[in-house]
Amino acid sequence: MQSQPDKRAKELRELLSKFSYEYHVLDLPSVNDAVYDSLFGELKSIEAEHPELITSDSPTQRVGGELLGGFKKVTHSSRMLSLNDVFDRADVEAWVVRMDKLLPGTRHEFFTDIKMDGLACALAYQDGVLQQAVTRGDSFVGEDVTANVRTIKNVPLRLRDAEGFEKFLTGKTEIRGEIVMLKKDFNALNKKRRAAGEPEFANPRNLAAGTIRQLDPKLVAARPLSFRAYDLLRDEPTDVPTNMFAYEALSALGISRNQEASTFTDLNGVMKFIDEWSDKRLDLPFNTDGLVVKVNDRAQFAKLGVVGKQPRAAVAYKYAAEQATTIVKDIVISIGRTGAATPVAVFDPVVVAGTTVQHASLHNADEIARLDVRIGDTAIIFKAGDIIPKLESIVLELRPKGAKPFDFLEALKHQYPELSFYRPDGEVVYRVEGVTGPLLLTKAVEHFASKGALDIDTLGEKNVIALVDAGLVKDLADIYTVTKSQLLELDRFADISAGKLVDAIADKKTPLLERFVYGLGIRHVGTQTAIDLVNAFGTLEKLQAATIDELKDIDGIGEVVAESVAAWFADPDNEALIFKFAELGVKPVFEKKTGPLTGQNFVVTGTLETLSRDEAADKIRTLGGTFQSAVAKDTTYLVAGGKVGGSKLKKAEAYGTKIIDEQAFVKLLEE
């Protein structure tokens, strides 16, 4: 006899919740995926026929509609604190001594767990049902990402009703943890992208963070994210007497957490645990750079209080990062979107923590002076958190004779002769004089959208200024996040104009690679240089990884341009920007141009009557030719229009370059 729909739906919801708990928390599934999928399909069919039976905690309701207007800001119930770092036993012992001074005679029990490298997030449950998910943000205020977190399969939409933990199903229960992408899922995703010819993601942490900030939950649902909890909060502190009890409650309530967590009555046990996981951490399913050590008793934890952003009762033990040595080949300076001058060390490629590294930010002039980095030095490189490459120190014994201290101001004059720089009082960073961050950003976005770059219709100067002033665009990639509803809130836009701009931007998600590279605004990289770079490397990823020597091997690219390109891609802000473009679905395409003008180089001088200089350049490139700005030894033709300057004619005659008029040039284009 078939059950009534409401009863059957309730039974299915409870059973699917049980299966999900077994799979995600216990790692002991009692049924295979096919059984789960079949029952899930049955529940979906019942709800389709009887929409009144749909509940907010139904497993069919994980994926919602696209967010309009971006993420709302939410103030945390209590601050999401960070932890002080410790690096050896002496640091841990000093930490305990500090606590003993504040709580003399108190015996501590220590709670330890693996520290996850993900995106911190707080989940708020009301009467056992998921109500809200908020990112860490600035620790006081985060962003509401509830719609996206609901798509994470191991986040229960309703907490389990477990014997002994019933109190957590009434009132507010807050669960804090990390949104991570497991190594196996990350590797599988990159394998698919390789097979599809798409760029690979850089690391799981960045991918998890970028994914959870997507405005469309359907895109988030397509990514294999996981949530692992590390804390449990209640309005009544005595509900959670110890950190280990919090972990036991998490498991009982159906929340995934690390099973490696342990308690110890003395530091010897803590240090043994730390040593044990020094090597074993590489076999963990997620990335980590250390452990968390806390006072287990929550009442003691609260009594010890907070200093600044860090609680006194907890520390993060950081393992020594993998190190390697390499030679500093150059120090180049990148100008960021705020006008800040950031020095970058460029060195021979070296493998650190499993990936190839060839540059690292030196942050500012003071840091260069502190490290005393000189070109030619042998440097010790490590990865902070196994992710960000950093220069730790110099091997002075291997310093070459005659290596001079790096003169930051002289380097600025050499690399940016037409710009002036100043160092504001109280700051360590040099900045471009006479411009502000918003002005630089506005000019950068205008250039990116210009005719020679992505040629985005209706994104002209006034519209760019409106977007920047409204805070909708904070970097180049942000133009792809602008929605019609956001534009309609600005005075400049009506329904039609807002729709046109959004559509025009969306139409440029697969720009030609050379236009994209030119649009990035890399110093000294004009239209033809962008083409030369793209033709030499073929993909944005290869161009990003190019060394200064490889760049200099390209015809027409000298040391100044090579340094500028290397510096731009080495800047951490620019690395993040390229990653953000990929996350937003921007996929530049490379099309190798061949045609009747392949191998022929053109210079146009004077005024042409039938087409503009830019149009002439585009036609030459479309037919496989190269457009040059100045006559060189390899110039095939000098196209001489009206009012020709004598210097180019003389140079062409000296090099044996063929000089043709506009009529002959047009004929070449038509052949």
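The values are calculated or read from the model by the stated rules, or taken from the named source; none is laboratory data. Keep in mind that this is a model prediction, so the values were computed, not measured. So basically every Cβ, Gly included, is an ideal-geometry build from the backbone, and we count neighbours across all protein chains shown.
Quick grid of which residues meet (1) out of contact with any helix residue (DSSP H, G or I) (no Cβ under 8 Å at 6 or more places or on another chain); (2) aliphatic (A, V, I, L, M):
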residue	(1), (2)
Asp555	no, no
Ala562	no, yes
Phe579	no, no
Val589	no, yes
Ser612	yes, no
Arg621	no, no
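Between residues in region 404-429 that are within 14 Å of Ile368 (Cα to Cα) and touching a residue at least 12 places away in the same chain (Cβ under 8 Å) and residues that are of a type in the set (S, T, N, Q) and assigned to a loop (DSSP other than H, G, I, E, B), which pairs lie under 7 Å by C-beta distance while being six or more apart or on different chains?
Filtered contacts from region 404-429: Val428/Asn364; Val429/Asn364.
Counting only residues that are surrounded by fewer than 17 Cβ atoms within 10 Å (Cβ to Cβ), in contact (Cβ under 8 Å) with a residue 60 or more places away in the chain and more than 23 Å from Lys115 (Cβ to Cβ), how many does region 182-202 have?
2
Determine if region 540-551 includes at least one residue that is modelled with pLDDT of 90 or more and under 23 Å from Ile620 (Cβ atoms). Give the derivation first.
Of all residues in region 540-551, those modelled with pLDDT of 90 or more come to 540, 543.
Retained after the next criterion (residues that are under 23 Å from Ile620 (Cβ atoms)): 543.
Yes, that holds for at least one residue.
Looking at Gln132 and the list (1) assigned to a strand (DSSP E or B); (2) surrounded by 23 or more Cβ atoms within 10 Å (Cβ to Cβ), which single condition is not satisfied?
Of (1) assigned to a strand (DSSP E or B); (2) surrounded by 23 or more Cβ atoms within 10 Å (Cβ to Cβ), only one is false for Gln132: (2).
Cβ-Cβ under 6 Å, sequence separation 6+ or interchain: first residue in region 441-466 and farther than 16 Å from Gly336 by Cα and among the hydroxyl-bearing types (Ser, Thr, Tyr), partner at pLDDT below 90 and in a helix (DSSP H, G or I). Which pairs?
From residues that are farther than 16 Å from Gly336 by Cα and among the hydroxyl-bearing types (Ser, Thr, Tyr), there are no pairs.
Is it true that Asn148 is in contact with a His (Cβ under 7 Å, 6 or more places away or on another chain), in the same structural domain as Ala208 (by TED's automatic domain parsing) and not in a strand (DSSP E or B)?
Values: in contact with a His (Cβ under 7 Å, 6 or more places away or on another chain): no; in the same structural domain as Ala208 (by TED's automatic domain parsing): yes; not in a strand (DSSP E or B): yes.
The answer is no for Asn148.
Can you find a residue that is in contact with a Ser or Thr (Cβ under 6 Å, 6 or more places away or on another chain), in a strand (DSSP E or B), touching a residue at least 60 places away in the same chain (Cβ under 8 Å) and of a type in the set (Ser, Thr, Tyr) anywhere in region 250-266?
So the first thing to find is which residues in region 250-266 are in contact with a Ser or Thr (Cβ under 6 Å, 6 or more places away or on another chain), and the list is 262.
So of that shortlist, the ones also in a strand (DSSP E or B) come out as 262.
From what's left, touching a residue at least 60 places away in the same chain (Cβ under 8 Å): 262.
From the residues that got through so far, the ones that are of a type in the set (Ser, Thr, Tyr) too are 262.
So far as region 250-266 goes, yes, one or more of its residues are in contact with a Ser or Thr (Cβ under 6 Å, 6 or more places away or on another chain), in a strand (DSSP E or B), touching a residue at least 60 places away in the same chain (Cβ under 8 Å) and of a type in the set (Ser, Thr, Tyr).
Looking at region 134-155, I want the residues that are acidic (Asp, Glu) and have a partner that is modelled with pLDDT of 90 or more and crowded, with 21+ Cβ neighbours inside 10 Å with Cβ atoms under 6 Å, at least 6 apart or on another chain. Which pairs are those?
Glu143/Thr135; Asp144/Val134
Go through Leu608, Leu597, Leu540 for me and flag whichever is touching a residue at least 24 places away in the same chain (Cβ under 8 Å) and under 30 Å from Asp216 (Cβ atoms).
Leu540
Can you name every residue in region 331-366 that is outside any strand (DSSP E or B) and either at pLDDT below 90 or in contact with a strand residue (DSSP E or B) (Cβ under 8 Å, 6 or more places away or on another chain) (or both)? Show your work before the answer.
Within region 331-366, the subset outside any strand (DSSP E or B) is 336-339, 353-354, 362-366.
Scanning region 331-366 gives Gly336, Arg337, Thr338, Gly339, Ala353, Gly354, Leu362, His363, Asn364, Ala365.
Can we say Glu276 is touching an Asp or Glu at 6+ places or on another chain (Cβ under 7 Å), in the same structural domain as Leu130 (by TED's automatic domain parsing) and at pLDDT below 95?
Working: touching an Asp or Glu at 6+ places or on another chain (Cβ under 7 Å): no; in the same structural domain as Leu130 (by TED's automatic domain parsing): yes; at pLDDT below 95: yes.
No.
Does Thr288 fit the bill of being part of a loop (DSSP other than H, G, I, E, B), touching a Phe, Trp or Tyr at 6+ places or on another chain (Cβ under 9 Å), assigned by TED's automatic domain parsing to the domain that holds Val97 and of a type in the set (Val, Ile, Thr)? First the steps, then the outcome.
Values: part of a loop (DSSP other than H, G, I, E, B): yes; touching a Phe, Trp or Tyr at 6+ places or on another chain (Cβ under 9 Å): yes; assigned by TED's automatic domain parsing to the domain that holds Val97: yes; of a type in the set (Val, Ile, Thr): yes.
Criteria met by Thr288.
Please go through region 115-127 and pick out each residue that is at pLDDT below 95 and not in a strand (DSSP E or B).
Across region 115-127, the qualifying residues are Met116, Asp117, Gly118.
Out of all the residues in region 558-581, is one or more part of a loop (DSSP other than H, G, I, E, B) and surrounded by fewer than 19 Cβ atoms within 10 Å (Cβ to Cβ)? Before you say what the answer is, go through the steps one by one.
Restricting attention to region 558-581, the residues satisfying the condition of being part of a loop (DSSP other than H, G, I, E, B) are 558, 571.
Then drop every residue that is not surrounded by fewer than 19 Cβ atoms within 10 Å (Cβ to Cβ), which leaves 558.
Yes, region 558-581 contains a residue that is part of a loop (DSSP other than H, G, I, E, B) and surrounded by fewer than 19 Cβ atoms within 10 Å (Cβ to Cβ).
From the list Arg194, Arg136, Arg176, which residue is touching a Leu at 6+ places or on another chain (Cβ under 8 Å) and over 29 Å from Thr60 (Cβ atoms)? Talk me through it step by step, then tell me what you get.
Working: Arg194 fails: touching a Leu at 6+ places or on another chain (Cβ under 8 Å); Arg176 fails: over 29 Å from Thr60 (Cβ atoms).
Arg136 is the lone residue from the list that is touching a Leu at 6+ places or on another chain (Cβ under 8 Å) and over 29 Å from Thr60 (Cβ atoms).
So that you can scan it fast, the table gives a plain yes or no per residue for (1) more than 20 Å from Gly519 (Cα to Cα); (2) of a type in the set (Phe, Trp, Tyr); (3) surrounded by fewer than 18 Cβ atoms within 10 Å (Cβ to Cβ):
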position: Pro424; (1), (2), (3): yes, no, yes
position: Tyr430; (1), (2), (3): yes, yes, no
position: Glu461; (1), (2), (3): no, no, yes
position: Val473; (1), (2), (3): no, no, no
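Could you tell me which residue of region 596-607 is surrounded by the fewest Cβ atoms within 10 Å (Cβ to Cβ), considering only residues that are in a loop (DSSP other than H, G, I, E, B) and more than 39 Å from the chain's Cα centre (by Cα)? It would help to see each step written out before you state the result.
First pass over region 596-607, keeping only residues in a loop (DSSP other than H, G, I, E, B): 596-600, 606.
Then keep just the ones that are more than 39 Å from the chain's Cα centre (by Cα); that gives 596-597, 599-600, 606.
Values: Pro596: 13, Leu597: 23, Gly599: 11, Gln600: 18, Gly606: 17.
The selected residue is Gly599.
Inspect region 658-665 for any residue being closer than 30 Å to Leu454 by Cβ, in contact with a helix residue (DSSP H, G or I) (Cβ under 7 Å, 6 or more places away or on another chain) and not in a strand (DSSP E or B) and give the result as yes or no. So that I can check it myself, show each step before the final result.
First, pick out the residues of region 658-665 that are closer than 30 Å to Leu454 by Cβ: 662, 665.
Filter once more, keeping what is in contact with a helix residue (DSSP H, G or I) (Cβ under 7 Å, 6 or more places away or on another chain): none.
Among the residues of region 658-665, not one is closer than 30 Å to Leu454 by Cβ, in contact with a helix residue (DSSP H, G or I) (Cβ under 7 Å, 6 or more places away or on another chain) and not in a strand (DSSP E or B), which makes the answer no.
Can we say Leu123 is touching a Gly at 6+ places or on another chain (Cβ under 7 Å) and of a type outside the set (Gly, Ala, Ser)? Break it down stepwise before answering.
Working: touching a Gly at 6+ places or on another chain (Cβ under 7 Å): no; of a type outside the set (Gly, Ala, Ser): yes.
Here the answer is no, as Leu123 does not meet what is asked.
Among residues belonging to region 388-408 that are within 31 Å of the chain's Cα centre (by Cα) and under 26 Å from Ser564 (Cβ atoms), point out the one that is modelled with the lowest pLDDT. Don't jump to the end; show me each part of the working.
Of the residues in region 388-408, the ones within 31 Å of the chain's Cα centre (by Cα) are 388-394, 406, 408.
From what is left, the residues that are under 26 Å from Ser564 (Cβ atoms) are 388-391, 394, 406, 408.
Working: Ile388: 69, Pro389: 80, Lys390: 83, Leu391: 87, Ile394: 89, Phe406: 94, Phe408: 94.
Filtering first and then ranking leaves Ile388.
Can you pull out the residues in region 597-610 that are touching a helix residue (DSSP H, G or I) at 6+ places or on another chain (Cβ under 8 Å) and not charged (D, E, K, R)? Outline the logic, then answer.
Narrowing region 597-610 to residues touching a helix residue (DSSP H, G or I) at 6+ places or on another chain (Cβ under 8 Å): 597, 602-605, 608-610.
Residues satisfying the conditions are Leu597, Phe602, Val603, Val604, Thr605, Leu608, Thr610.
Give me the residue from region 265-296 that is within 17 Å of Asp117 (Cα to Cα) and among the aromatic types (Phe, Trp, Tyr) and, out of that set, surrounded by the fewest Cβ atoms within 10 Å (Cβ to Cβ).
Trp277
Quick check on region 612-644: of everything there that is farther than 16 Å from Ile531 by Cα and basic (Lys, Arg), which residue is surrounded by the fewest Cβ atoms within 10 Å (Cβ to Cβ)?
Selected residue: Lys643.
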